[in-house]
Amino acid sequence: MSNPHQQIVRLQAQLRREQLRNQELTHELKQSRQQLEQQRAEFIAQINTQLEHLLDAAPTPEVNADPLVTTQAALETLKARMIRTISHEYRTPLTIISLAAKSLAQNTSRLNPQQRHQCFAQIQQATQYMIKMVNEVLWISQAEAGEIMPHLSKIPLGDFCNRTIKELERLNPQWHDRIQSDLPALATSIYNDPFLLQHILLHLLTNALKYSEPEQAVELYLTVERQTLQIWVRDHGLGIPEAERACIYDCFHRAENVGTRPGTGLGLAIVKKCVELLEGKIGFQSQLDQGTAFCVQLPLVKQSI
């Protein structure tokens, strides 16, 4: 059995190893934060460059210059919304990363393993949010450029929807058991693009849950009839102001009544693009402070039941 002195020596050595490891992690976190800041600046610079090219390429009318002025104004508005949204949505996760890294650096000896794990979890979650936002912007850009095409495959509809709901709840535990669904029988299969279909479901459900109160349920209904898949997502939340309904599918547009709820204004733009790629239709009904119901209709190439 080792004597107390040997135990102290071992503990001191272990403490030094922990301190060195934490110093290494802090340095890595600092570098990651600097890289994220640089990526953010580069990303905004790319947006500026692309929009300037669009402005330069805008056609000059022969007689009346009003269309050009309108085009320039629209692009300038889009540019301002993009930069404002990206800057705002990056600020919160970067602050979380900075505070968690600072806590790890300054409280090495006072944090227990669970607290350190929590700091790392916060950093990971914030980083994933930033990556998700960048990926959504890039996806929209690719879709607008015609670089995304549907890839149809057989989808067991009921199972597919259940797995999508469970994945959404796994990523957002606070939304557990809030989705009420009426889905086709498990034996019902369709031919569709699973990636695009999942995007439609996830973004419509996310919006419905985010813009409803925590105690309010969200309803998901799917029907397959006459070679058409119909998807209904209904909430009982904020509703869409009438003056803004014509703009809800615009990139980076957010209604004035969303308050402090986080978001980029890309969700419905992605849904609309997915529906268009699948040659479908989308519509909605909304009443302020009463809720919104979205309906998506997708033609089916082949149906097997």
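Only the coordinates and a few stated rules stand behind these numbers; no lab work does. Since the structure is predicted, the reported quantities are computational estimates derived from the model, not experimental observations. Backbone-built Cβ (ideal geometry, glycine too); neighbour counts: all protein chains shown.
Over the alpha-carbon set of segment 90-234, work out the extent along each principal axis and list the three values in angstrom, largest first.
65, 39, 25
Loop-only trypsin sites (Lys or Arg not before Pro) in segment 96-195, please: DSSP not H, G, I, E or B, and at most 16 other Cβ atoms within 10 Å.
Numbers: sites: K102, R110, R116, K132, K154, R163, K166, R170, R178; in loops: R110, R178.
Filter output for segment 96-195: R110.
Using alpha-carbon pairs under 8 Å, 6+ residues apart, how would you state the relative contact order of segment 140-234 in percent? Display every interim value, and only then the final one.
Details: 107 pairs, mean separation 28.5, N = 95.
Rounded, it is 30 percent for segment 140-234.
Sketch the reach of a paramagnetic label on T223 as a point 7 Å from Cα along Cα-to-Cβ, and name the residues of segment 166-198 whose backbone nitrogen lies under 20 Å away.
180-191
Assuming 0.692 mPa s and 37 °C, estimate D for segment 175-270 with Stokes-Einstein, Rh taken as the Kirkwood radius over Cα pairs, in µm²/s.
Value of D from the Cα-based Kirkwood radius: 221 µm²/s.
Using the 10 angstrom Cβ neighbour count as an exposure proxy, how do V224, V301 rank, fewest first?
Details: V224 18, V301 13.
Ordered by Cβ neighbours within 10 Å, fewest first: V301, V224.
Restricted to Cα positions, what overall size does segment 219-273 have along the principal axes? Three whole-Å values, descending.
40, 25, 21
Go through K132/K166; K210/K272; K102/K132; K166/K210 and tell me which ones have a Cα-Cα distance over 21 Å in this structure. Walk me through the intermediate numbers first.
Details: K132/K166 19 Å; K210/K272 19 Å; K102/K132 24 Å; K166/K210 16 Å.
Beyond 21 Å between Cα atoms: K102/K132.
List the GluC sites (Glu not before Pro) in segment 117-159 that DSSP assigns to loop (not H, G, I, E or B) and whose Cβ has at most 13 other Cβ atoms within 10 Å. Which are they?
Details: sites: E136, E144, E147; in loops: E147.
Hits after loop and neighbour filter: E147.
Considering only the other residues whose Cβ falls under 14 Å of the Cβ of K272, what net charge follows from Lys and Arg at +1 and Asp and Glu at -1?
In short, -2.
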